[in-house]
Structure formats: C-alpha cells, structure tokens
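Take a look at the structure set out below.
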Amino acid sequence: MKRLIYLLATGLLVVLPSLAIAEEAPVSEMSYILNTFSFLVMGILVMWMAAGFGMLESGLVRSKNVATICLKNIALFGIAGVLFYLIGYNLMYNGVDGGYIGSLGLWGADDAAAAAGDFSAGYSAASDWFFQMVFCGAACSVVSGCVAERIKLWPFLAFCVVLTGIIYPVQGSWGWGGGWLSELGFVDFAGSTIVHSVGGWAALTGAIILGARKGKYGKKGQINPIPGSNIPLATLGTFILWMGWYGFNGGSVLALGDAASAIAMGNVIVNTNMSACGGMIAAMIMVQILYKKVDVTMALNGALAGLVSITAGPDTPSLGAAVLIGAVGGVLVVLAVPFFDKLKIDDVVGALSVHLVCGIWGTLAVPFTNSEASFVTQLIGVAATGAFVIVASSIVWLVLKFTVGIRVGEEEEFRGMDVTEIGMEAYPDFQKISSGASSAH
Amino acid sequence: MKRLIYLLATGLLVVLPSLAIAEEAPVSEMSYILNTFSFLVMGILVMWMAAGFGMLESGLVRSKNVATICLKNIALFGIAGVLFYLIGYNLMYNGVDGGYIGSLGLWGADDAAAAAGDFSAGYSAASDWFFQMVFCGAACSVVSGCVAERIKLWPFLAFCVVLTGIIYPVQGSWGWGGGWLSELGFVDFAGSTIVHSVGGWAALTGAIILGARKGKYGKKGQINPIPGSNIPLATLGTFILWMGWYGFNGGSVLALGDAASAIAMGNVIVNTNMSACGGMIAAMIMVQILYKKVDVTMALNGALAGLVSITAGPDTPSLGAAVLIGAVGGVLVVLAVPFFDKLKIDDVVGALSVHLVCGIWGTLAVPFTNSEASFVTQLIGVAATGAFVIVASSIVWLVLKFTVGIRVGEEEEFRGMDVTEIGMEAYPDFQKISSGASSAH
Amino acid sequence: MKRLIYLLATGLLVVLPSLAIAEEAPVSEMSYILNTFSFLVMGILVMWMAAGFGMLESGLVRSKNVATICLKNIALFGIAGVLFYLIGYNLMYNGVDGGYIGSLGLWGADDAAAAAGDFSAGYSAASDWFFQMVFCGAACSVVSGCVAERIKLWPFLAFCVVLTGIIYPVQGSWGWGGGWLSELGFVDFAGSTIVHSVGGWAALTGAIILGARKGKYGKKGQINPIPGSNIPLATLGTFILWMGWYGFNGGSVLALGDAASAIAMGNVIVNTNMSACGGMIAAMIMVQILYKKVDVTMALNGALAGLVSITAGPDTPSLGAAVLIGAVGGVLVVLAVPFFDKLKIDDVVGALSVHLVCGIWGTLAVPFTNSEASFVTQLIGVAATGAFVIVASSIVWLVLKFTVGIRVGEEEEFRGMDVTEIGMEAYPDFQKISSGASSAH
C-alpha cells in the first residue's frame, strides 16, 4: 500500500527541487510584498472558516440552541484575537529555541528593517501574526460544536481564553515555533496535529467531563439520534470550510515570492481539494453500504475528514495519493461516529471523528509520500501533543466545573439554552415541534 | 442597435493595444508567480460558486427536498474534481490540435521546466488545472437545480460522472483546448456557451426525459406555481454567484503577470458587475410591468441572467454596453420562464432560462463589441455545442432511465426525497404546512 | 487616556517612515499590477459586504418581511453600480480641485498611458472605479436595515438612486476626491464618516420621516421588543461583514506595489480585526452587566461597532489601541440602542447605533493615534458631512413622501410586505406563529 501510494506520488506529480531556487538570492521587495499579501489573502480565507464552523454547528444543533452556538462561535474568534495578541503569539514564536515554550508578552509589529530597505524578514510582521492568529481561532472552533447544547456560555468562553492564550500556543511552539518537535523532524505542514487534533483533544476532555446530553443515550444502551435543525446551513458551513481550507493549507507554504513557492501553493491547493473529494465520496459509499441511505451530514463530515487528513502533508502527495488519503479519512469518520457513541461520548457535530481521528491519521500518513518524515517521529508528535492537551484541558475543565460549574441545569437543557442562557430564540417566528415530543428533545 | 453599442463601446472604454505589451519579453519569475496566484485566487472564487448554486437551489426547492439538493450540490463538486483528474483535463487540453477530443489519461502536475528556471509555461500546472476544474464543476451545478425534486440521487450523480468526465471536456476541447472551434475563430471568453449552455442543454434533456413534478401542470393546462422554501438562502446563493463570477470572468484573462492583463482583468470584472446590474434592474422593471409585483426570485434570476450574458465577452464592451447586454438577458429570462412552462418543461429554479437562453444570447452578442468575432462563427459554436450535448446527454439519461431508473416513485415524490431517499429532514424541528394542502405539494 | 493610547501606539507598533520608500522610484509595471490586483481582490471582499448586510437584515426582520429586505439589499447594490457609472464616480473624483463637487458625466476606463508603458497612474482605471463603487454600495446598504418593515419598495429604491448617484459622491468628493475637507487636513482612512455616518444620517432622516413600526412603541411609553426571525442568518451576515471589512480597510491603503504599502495593509487588517474583537467583547460584558444575559444580536452589533470605529484610522494605532477604540464603540452601541428607542426612532437593525454613532466616534478618535489629524478638523468633517446629508436626504425623503408616498398601509404592514408588496413569502412551507398574537407582530 505504501509502495502504491509512493508510485502514485512520484509518477503523477513531479516534486520540485525547491531548495535550488529558494536559496538563490536575497529577498527582493517584490518577494516581500507577495509573501505578505499571500499571508493576508490566505489568512482572510482561514478567518472565513470561523463562519464555516458557526454555520455547520448552527445547522447541526437543535433549534432551541442555535442562537447560543452562534454567539459562542463568533465570541471565540474574538477571544482568540485578543489572547493571541496578549500572550499567545509570543508564547508560540518568541525565543523557543528547541524548547517547550516561548516568552510571555504583548505582541507588536516591528518592521523597522524592512522599512529601511532590508527585506530579509521575508514578510510584514502583522501579516504573519494575522495568519497565525486565525489558525489559533480554528483550533478553538473545533471545540464549540462537540460540547454544544449543554455547556454554559461564560465557562465555555473561559476555556477558550486558556486554550487560545496558553494551551494552543505552548504545544504550537514545539512544532512550528522552533521547539523540540521541530528539531526532532516532526512534519505537520498545516496542522493536522497542531491545530485539528489539539481542538479534538480539548473537545474530547470537555465532552467526557460534561457528560452526554439528556436523552442521547437510553437506559437500555440505545443511542437516540438527535437530528440537526438546519441542513442547508450545515452544508453552507461545509462549503465555507472547504473554501477556507485552500487558504489554510495553501497559505501554509508561508511564501509566494519565488516560483517554487507559487508552484507549491498550487500543488497544495489541488491536493487539498482532491482529499476533500476522496473523503466525501468514500463516506457516501460507506454509508450507502452500511445504512442503505446517504446521510447528508455524513457526506459533509466526509469532506471535512478528507480536509483534515491531508492537512499534515498536502505538499508531497500526487493527486491520486491525496484522494486516497482523504478516502481513508472518509471511511474513518463513518466508523468513528458510532464508536464514540458506543463509548457514550456525546459529540454533537462529529468534531472528534473529523478533527481528532483524522488529524491523527493525517499526521501518520505523511511518511507515505514525504521521505523526510518518519513514522516514529510523527507518532511521538501525535502522542506528546495529545498527552499535553489532555492533561492541560482536563485541568481547566475540572477547575471550571468545581468553581463556576460548566453544565446548565436539566430544566435549562430541556427548554434550550437560547431562552435560558441568552434570552433570545433563534427562530422566534416559527412553530417548533414540541421539544417534549421525544426523549431526545 | 449594433452601432449604438459600438459607439458606447469605443467611446467609453479605450480598448488596450494589449499585444504590444504582451509580446515584449520572456516570462519573468514574477510574472509566473502572479499568473499562478491569479489562477488560484480566482479559482477559489469559482469554487465558491458551487456553494452559491447550492444555496440558490436550497432556497428554491420545497422544504421536503432541501437536504437532498444540498447533498447533490456538494457531491457533484467532489465528482467533478475526481473525474477532471482521472480523464477530463486530458480529454480537454492534451493534444487536441485542431481536432475534436484530447487523449485519455490521469493528470499530474509537471513543472520541471519552471523548477529549472524556465518560466515560459507561464504558470504552475496545478494552478491551471484547479482553475479549469472549478469551471467543470460549475457546468455540472447548472443541471442539479433544473432536475430537482424528482430525480434519484445516485442516477443523478452517475450523470454527473459522465458530464464532468466526458461531455464537458470533449466539447470544451473544441473552443478552449485548441480544437476545431478555436481554429474557426469562435470566441467564448469565459464560457457562456462552453460552460453555461452546456449545463443548460444537459439540464434541458434531463428535464424533458424526467418529466415535470407531480402537480406542476394541471390537467386543464394551468400552471401551478410551486414557491421555494427559503428566499434568504436563494438570495445568499445569488450574492455568492455574483461574487464568484468576478473570479469566473476575471480569472479567464488567464494571466496577471503583465500590465495589459491586469488592465483587462479590471475591465472584465467591472463589465461583469455592470451586466449583472443591468440584468437585475431590467428583470425587476419587466415583472413590475407584467405582473404589477416584483417577484424577488425573478430579480435574482435577472442578475444571474446578466452574469451569464456577459460571460462570452466581458473584455471588449464598455460599461454602458455591458449594462445593455445584461439588460437584454434580464428581459429574456422573464420571458423564458413562462415559455418553458408553456412547453411543460419543468425547470425548478429557472436554470434553463438563465444559463441556456442567456448563454446563447451572450455568445451571439460578442460580435457587437468584439470585431474579431463573427456572428456566423458564434452561431456555429452555439449550434455544434448544443447538438453534441443534446445527443450525448440524452443517451446518458435514457440509458440510466431504462437501467436503474432516474425518477423517484409517486409516493417518494409526495413525501419528499429528504425522508425517502436520504432519511433525513432538512428542517426537522419546524412544523411544516401540510404537503397535501395543495396539488402542487 | 490619550497619553495611554499614545504610549500603546508607539510602544507596540513601530510606525513606518513610509514616505522614504514610497518616493524612491517611478511606478514599475509590477507595482502597477499589484496595485491593480489589490483593488480588485479587496474590492471583491467589499462587494461581499452587500451580502453581509443582506443576511444580517434578513435575520433581524420578522419573517413576514424577509423576502422584501432580500430584494432591497440586492437591488440597491445593482443601483449603486449603475448610478456610480452614470454620474457618481465623476461627481466624486473628476476635477474637484479643493471644491465641493466634481463634474457630471458617464465614467469610462482610460488606460492609454499604461498601455503605452507609462505606469504613473499607478493602477488600472477600472480597478479603482470598482473599489470606489463598492464603497458607494456599502453606504447605501446601511440605510435599508434601519427603515425596514414599513417602507415601500420602489420609493426606497428611488432614494437609493439619489443617495448613490448624488448625495454620497458629492460629500465623498470633499474628503476623498481632493475637495475642501481634504485640503483642511480631514482624515478618514476608509470611511467612518464618509461611508458609515453618511449611511447613518440618511437612515436617521428616513426613520424619523417614516415613523416607527406599528406596535413598536406603546401608548404608555413602553418599548416593545420585536425580535428578529433568524439569528444564524444575522450571525452569518456579521461574519461576512467582518471578513469584508479586511478588504474595506486593507484595500484603502490604495496600493500594494511597494513594501511600505504591504506593511501598512498588514497593520490595517490586524487593527481592523482587533477593533472588532474589542467591540464585541465590550458589548458582551456590558449587556451581561446591564441585563444579566448576553443578547446575541448585541454581540454582533458590538463587533460591527468595533469595525466602524476603527475605519477612520486603522493605519496608526497599535493592536492594543485598536482594541480600546473598538471597545468604546462596543460600549456606545449598547447605550445607543435604548437611547434611540427612548427618542422613538425605530431602527430595525441597530444601524444608527452602529454606523452613525460609531462612525462619529471613530472619526473623532483618529487624533489619539495619528499626529497628523486634529480634533477640530475631524469635528468639522463630521459636522459638515452630517449637515449636508441630513438636509439632502430629508429633501429626498419628503419629496417622495408627498408624491408617491413612502410608507405602506397599516394592513400591508400588519400582513407583512412579502405578501403585499412582492407577492411572495420568504418561508412559505413553515407554520408561522400568528402575527396577530402580539401588538408588535
């Protein structure tokens, strides 16, 4: 199998001798501009993913919790911005030097050298900060959907403060900030582990500590499906995420100022697309075979599974290999959703199956097409990140649980958080089907 | 009239002597980067149109078929990616040489020359593939709305496989792949014929072979309107399409690495916008006069009509001429919708009126502002494309019809495809108005 | 306070000596291309804000008026395009020379010099026109939400014709077209005053002359909340606006062809983001303190308040100062909403609180971080713009009122404008909660 993928990779996509070009000359002003502009345009696409998560989750929760999930999604993006400015960026990128953490502090742009005509920094400070900040926001967005429909608003946002200010940046410094994982040779191109699995682990601990929604798991072991309230919104969210992912992976080339980078960006974007195709089609075929019907939310999650799976290494596979990597992700997501349900871990939108399971798979798949990555190092990266995030997140969730509490009361959960937590219905003009009609409602 | 448009064209917009600049020098690395980046950014905008079609169609079908149309729209985009990789791109662009078809085969990026410092290819292979693939997806998106609410899921997707893998690429090779139509001098800048009419012809044959939805046409000849279920989603879809069209037409300059191309891209984007304005305003005035009320879906279709109409030649008109070209499209769409209804061709979202009728109009309008185009050649291109797509599509639809069947049963159609085909409602929390209340429901 | 912000500004963000670089050399072809491409890409993001306004307003009106507000939002964008072509651009930019108005006339692109190899124009004519046109559309979008749910369709569109064709361009010529305000030293980087307050003043006069919606204000002085019908759409609209604002402010650097501009664009985009964060978080904390619940629409308006507040000067603050400027905007919006209600000025979506109040605040805040701006000049700009727009808008509204009428009848308002004005419901499949159930409905 590995050999098959390898043949596909080398046969179908000529890998560039990129170093040969990249080392040629000092950075010109034009290269500096293009690198900067790439960060900004691609970063804007990644910011757009925050809306994608918001719409996906709005579509997959029940109508009585929609306004609350909207609020959480936009609020966490604002929190990510502020915390990444206050401490996150510095913790992640400032003087890590092979270690485990950067130095604490406010971040401010410094482009004095470039202003004096020395473009060796490669890009403007703010453009880089922006691109990294939106990744921090994306990791946090993964959490909100998983723990939806029963977590209190402010405690959730408090968790987001710690996740975006400390947990994400600290582990991020290991692989992307010049820390110990990068020195070990860990490869995570755009964050299958560093972004998606981190959100996944944080969500997993949250879901376990919170417990399942009332009525989700029956006393006799049955699993009650709780359908989402708005499928076109969920579809829109998936389209937005797919679109934003071109920026997520494409921008992670981290340059545009030389031909090799432009070529790499094109390859990355195409592979990102192919993996999404593979994941979606594989998931559709799987559910058709298993359940005789194509659950549309599984198709959506299949596409997202493909996107997460390719994210650790979208630069080296051929198109065919990218389809296969995504297809495995799509199969995994179809198997993982009932698996988590069997464990009674209630993941409202399938975030664990998509971001955690496929984040791990994608990271481990890198060596299939990238000879510079080793399976052992990839496994170390996955495990170390998982261990750290599980411990750190659990501490935060438990501190919150035993101080302010993290779960709404039964009455609040039954009536819906929109009315009880934020005093506003998402769809007040429409007659809802009585929420007492089924045990799941 | 032609003279009026000509005067507007030459008086208001100075056409560039673009060849003078474009031939000056070999492609520099910076030009190569900009050409590549333009394909990627504009291609991402075109991909976004898949979401636009999805939202437009989700808004215009009844609530009982919304989840299904969502699934079809995202699935077809995934299929387009895979099929264009497996055979489509090669059929369309590989060794056509004045002929009728390219050579079959997997596509893989080859940028060896550029990596060695020879930038004469002009742009990275993957960036070009990506830009062409999203066009293939767009052609397929046209079909889904027209045949909605009664076509089975898998047979529809099977049709998409053939359309994106064979039908679209084969005819595309004629005009864009260096085939016989391009040698004849056929001008279709961004695909009024090659993309939109192709989707339109495929949809037309599908709609005829499928037959109309139950209740749409009464026994005494009356036409029952079947209103869409979500107007803001349809509006969002139109806005997305309008936005994506800047990339569709602007990116079709196929370069950004020289000033002439950048100027052309600006002119194209502005004309694209003006034609949408003209189409929308004309359609609004028309329906106000004819029906005394401004049907919002007609305004939306008017904007789309303007966009389709300008697509064959957005580079040569003045702004005023672009408004007129779009306005004629807006008038045509208002007339075409009842025309197709009179023929009992049931087009759920108006796709035929928008993409087929205005695709033809836009192609025939090119000679008004482009002296290099001739009316006869344009007509040949329209007719040849139409003939081929009608025949090829009909064969596929009929084979599907007489093997697996393409139409859901009466009971399924009555209850809605969301429940019967994919086992999931789009809006399960909301009380629907009984679908038995009117013959159309 | 001013000193605190000043310290933050100088301490955290090194301001570039941008002139030193910018004056170096004549504009190269590459600079010309990048300037042009920046206008196009950023302009497309600003166009996207039209969809953002549309979704925000669709979410915040009642379901019986949703189709109408959709139609208004897309129609006004089309009108802005045509009017800015027919007269607006020329009135705003053609030969203003320190005066009060440009010369009337059709606009057409003229790039003859660039085509001949002289790139001193800096960018293509069409790209600049496009970028300015979408700003004109944005000013108009501000109005539609404020006067929603009771204004007739065609009279509203007639107002849009005058606003986009005359009122916006005339006042725009003062600050941006080289008119008297720019000579005075008025600083409005991307339009807190010139775009947002203009929309706000036009909306204010409209709301006063129209009067409040039936049932909004009780006879005994009570204020009846009228909740919006679709919170996820409103959230989506806010995300779209947030995203589009990166283009609104980032593109207003008006160049990308030199490193200083690229650096400035990065700083502007980051500050725009931080101000939105500050506004949203401040508004959330304020409403939690005041009302013990976080009204999600107030969080959304807080983010928008931050965006409007930074728009007059996103280039000079540090990130910390940008957060503070936005936070003040967030507080203002929470105070302004009940203030306008106390005055019985019925602003359906909070447009006055966001765009007018924060537009003024943002303009007056510029001198805190920009030593080239003076408080007095800023005040003159705000006041002169306000006076002109109030007078001009009032005349137009009153002429419309006493000729064709601007307000729908009581019966129409009660039943909803979707049925009575455009003959189409937004959500026909869903059972609505009886609109006679409360006086506000």
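Read the figures in this text as sums done on the coordinates, not as results from a lab. The shown structure was predicted, so the numbers you read here are calculated from the model rather than taken from an experiment. Every residue, glycine among them, receives a Cβ derived from its backbone with ideal geometry; neighbour counts consider all protein chains shown.
Quick look at the values:
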| item | result |
| --- | --- |
| Simple label model, 7 Å out from Cα along Cβ direction - B:K344 to C:F339, nm | 6.5 nm |
| Label-point separation, A:I433 to B:Q222 (7 Å along Cα→Cβ), nm | 3.1 nm |
| The range A:352-375 and the range B:128-168: distance between their alpha carbon centers, rounded to Å | 31 Å |
| Dipole-positive endmost among C:I345, C:F248, C:G165 within the protein assembly as shown (Cβ charges, Cα centre) | C:I345 |
| Calculated [θ] (222 nm, deg cm²/dmol) that DSSP helices of n ≥ 4 give over chain B, each run adding -39,500 (n - 2.57) | -20500 deg cm²/dmol |
| Exposure proxy ranking, count of Cβ atoms within 10 Å, fewest first, for C:I310, A:I240, C:I285 | C:I285, A:I240, C:I310 |
| The range C:16-129: radius of gyration and largest Cα-Cα distance (Dmax), Å | 18.8, 59 |
| Local net charge near B:I433, Cβ-Cβ under 12 Å (Lys/Arg +1, Asp/Glu -1) | +2 |
| Debye log10 I(q)/I(0) for the range A:346-414, one point scatterer per Cα, at q = 0.12, 0.23 Å⁻¹ | -0.51, -1.06 |
| Residue and distance (whole Å) for the chain A Cβ nearest the axis that superposes A on B | A:Q431, 3 |
| Orientation-averaged projected area, Cα convex hull of chain A (nm²) | 21.2 nm² |
| Set of lysines with alpha-carbon distance to B:K219 below 22 Å, sequence-local pairs under 8 removed | B:K342, B:K344 |
| Shortest-first nm distances, A:K220 label point to equivalent points in other copies (7 Å, Cα→Cβ) | 5.5, 5.5 |
| The protein assembly as shown: equivalent-ellipsoid semi-axes (sqrt of 5 x gyration tensor eigenvalues, Cα, Å) | 37, 37, 36 |
| Across the identical copies, how the A:L184 labels are spaced - nm, sorted shortest first, 7 Å along Cα→Cβ | 6.4, 6.4 |
| Three-way shape label, the range C:67-157, alpha-carbon gyration tensor, a/c 1.5 | prolate |
| Shortest-first nm distances, C:F375 label point to equivalent points in other copies (7 Å, Cα→Cβ) | 7.0, 7.0 |
| Under the span-like rule (Cα at least 24 Å along the axis, Kyte-Doolittle mean at least 0.0), DSSP H helices of chain B | B:29-60, B:66-83, B:125-146, B:231-250, B:259-291, B:319-342, B:375-403 |
| Global form of the range C:171-271, assessed from the alpha-carbon gyration tensor, a/c cut-off 1.5 | oblate |
| Relative contact order (percent, whole number), the range B:48-177, Cα cutoff 8 Å, 6+ residue spacing | 39 percent |
| GluC sites (Glu not before Pro), loop per DSSP, at most 15 other Cβ atoms within 10 Å - longest free stretch of chain A | A:25-371 |
| Contact order relative to length of the range A:283-405, as percent, for alpha carbon pairs under 8 angstrom and 6 or more apart | 25 percent |
| Least to most buried among A:T164, B:T420 (fewest other Cβ within 10 Å first) | B:T420, A:T164 |
| Distance in nm between pseudo-label sites at B:S374 and C:D97 (7 Å out along the Cβ direction from Cα) | 5.0 nm |
| Charge context of B:S63, other residues only, Cβ under 9 angstrom, K/R +1, D/E -1 | 0 |
| Reachable lysines, given that their alpha-carbon falls under 20 Å from the alpha-carbon of A:K152 and they are not under 8 places away in the same chain | A:K64, A:K72, A:K214, A:K216, A:K401, C:K292, C:K293 |
| Within chain A, longest stretch free of exposed trypsin sites (Lys or Arg not before Pro) [DSSP loop, at most 10 other beta carbons within 10 Å] | A:1-218 |
| Fewest-first ranking of A:D429, C:D418, using other Cβ atoms within 10 Å as the exposure measure | A:D429, C:D418 |
